[in-house]
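Have a look at the structure below, then the notes.
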Amino acid sequence: MTTAPARIRLTQYAHGGGCACKIPPGELEAVVAGLTRTGPGDPAAELVVGLDDGDDAAVVRIPGGQGLVLTTDFFTPVVDDAYTFGRIAAANALSDVYAMGGTPVVAVNLLGWPRDVLPVELAAEVLRGGLEVAQEAGCHVGGGHSIDDPEPKYGMAVTGLVDVERVIRNDAAVAGTPLSLTKPLGVGVLNSRMKATGEVSEEAVASMTALNRDASRAALAAGVRAGTDVTGFGLLGHLYKMARASGVTAVVDAAAVPYLTGAREALAAGFVSGGTRRNLDWVRPHADLSAVDEDEALLLADAQTSGGLLLAGEVPGAPVVGEFVPRQDAVVVVR
């Protein structure tokens, strides 16, 4: 009599999951502080967007009025299924190009795999998922790099094209502009619950695997020039970076922010990642959160994986969740 092999849960082979594994934002800023506003003495191309304000991707100008968009993103498993993990990681990596208003053109894989622990067939499933999402985006996958790693990790380095006169960047928000969000929040707490219990939120998976392509195109059509995507630093963290870089204050209408089904219940059950708590700790000194309780603040700081676009402007189909106003004492205000 043979025994069926036990189901492998990828999340059990990683200390965290998805974008919640990012280095905390304050710590990261300290690490890269000495690297900003520097460049080669004789640059081969003009750097249009670099490291200065922690934008989603780098942009360099190329002949013909276009720019190259360059970004990379990878993380440990956020779900247990290898194919789905690959799809989510690819959508997340491609998102940074869409967040800049660009079109992904070619990507290369980044894979870390504990080859003595997990079957290589699962690694092939991860890569298959990534390839399918890239193909959905019209983006080539031209190879990549792999290493033997104690934890499974996957992502992509992506190159895209953008009109340099229409780049969406995080330092261009102006007072008087509405604030729109193109995907609901709650992925972080739902993924934390899944990692602990095995209970999968299909709604969260659908959100994480959905490309931000249509939202990016709609933003460009609406004339949006300021935005970012919501990932590991949560809505509050990414909005703080955006408002700080733009010299304005962001006001969030907490009641207008959409959430995935079950997010509040997952929070109430205690499924909150350390990354989410660090996000809130980082933003709190620069924010007025007096109008909401701690649970609401945690949801607004929830570390997202492959989240939506946060845009300075109105976009069809996306709820308006606040506005930018002239700079006040607090950089972010939740009302």
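The values are calculated or read from the model by the stated rules, or taken from the named source; none is laboratory data. If you're wondering where the values come from, they're calculated on a predicted model, not measured in any experiment. We place every Cβ from the backbone using ideal geometry, glycine too, and count neighbours over all the protein chains shown. Surface areas here come from the heavy atoms of the whole protein model, side chains and all, with no ligands, DNA or RNA. Shrake-Rupley method; radii C 1.70, N 1.55, O 1.52, S 1.80 Å.
Per DSSP helix of 4 or more residues, -39500 (n - 2.57); summed, then divided by the residues of the chain. What does that give at 222 nm, rounded to the nearest 500?
Helix-only estimate at 222 nm: -9500 deg cm²/dmol.
Highest mean first, what order results for 252-260, 290-298 on Cβ atoms within 10 Å?
Those peptides, ordered most packed to least, come out 252-260, 290-298.
Go through 39-45, 321-327 and give me the packing order, highest mean Cβ count within 10 Å leading.
Sorting 39-45, 321-327 by mean packing, highest first, produces 321-327, 39-45.
Only one of the listed values, [x] 30, 26, 17; [y] 51, 19, 17; [z] 33, 23, 21, was derived from the coordinates as semi-axes √(5λ) of the Cα gyration tensor in Å; which label is it?
Given [x] 30, 26, 17; [y] 51, 19, 17; [z] 33, 23, 21, the calculated one carries the label [x].
Carbon and sulfur: what percent of the stretch 83-145's accessible surface (1.4 Å probe)?
With neighbouring chains kept in place, the figure for the stretch 83-145 is 55 percent.
Using the heavy atoms of the protein chains alone and a 1.4 angstrom probe, what is the accessible area of the chain per residue in square angstrom?
In whole numbers, the chain has 42 Å² accessible per residue.
For the pair residue 148 and residue 214, how long in nm is the line joining their label points, each one 7 Å along Cα→Cβ?
Computed distance between label sites residue 148 and residue 214 equals 4.5 nm.
Using mean Cβ contacts within 10 Å as the protection proxy, how do 106-114, 208-216, 139-147, 85-93 order, highest first?
The packing order, highest mean first, is 85-93, 208-216, 106-114, 139-147.
Cα gyration tensor of the stretch 6-134, axes a ≥ b ≥ c as square roots of the eigenvalues: rounded (a/c below 1.5), prolate (a/b > b/c) or oblate?
It comes out prolate by the Cα gyration axes.
If you roll a 1.4 Å probe over the stretch 237-335 with all protein chains in place, what percent of the accessible area is carbon or sulfur?
Here carbon and sulfur together make up 48 percent of the probe-accessible area.
Quick one: what are the phi-derived ³J(HN,Hα) couplings along the stretch 230-235, Karplus 6.51/-1.76/1.60 with θ = phi - 60°, whole Hz, x for glycine and proline?
Per residue, the Karplus-derived 3J(HN,Hα) values read 9, 10, x, 8, x, 4 Hz.
Please work out whether the stretch 173-290 counts as rounded, prolate or oblate from its C-alpha gyration tensor, where a ≥ b ≥ c are the square roots of the eigenvalues and a/c under 1.5 means rounded, while otherwise a/b larger than b/c means prolate and anything else oblate?
Oblate.
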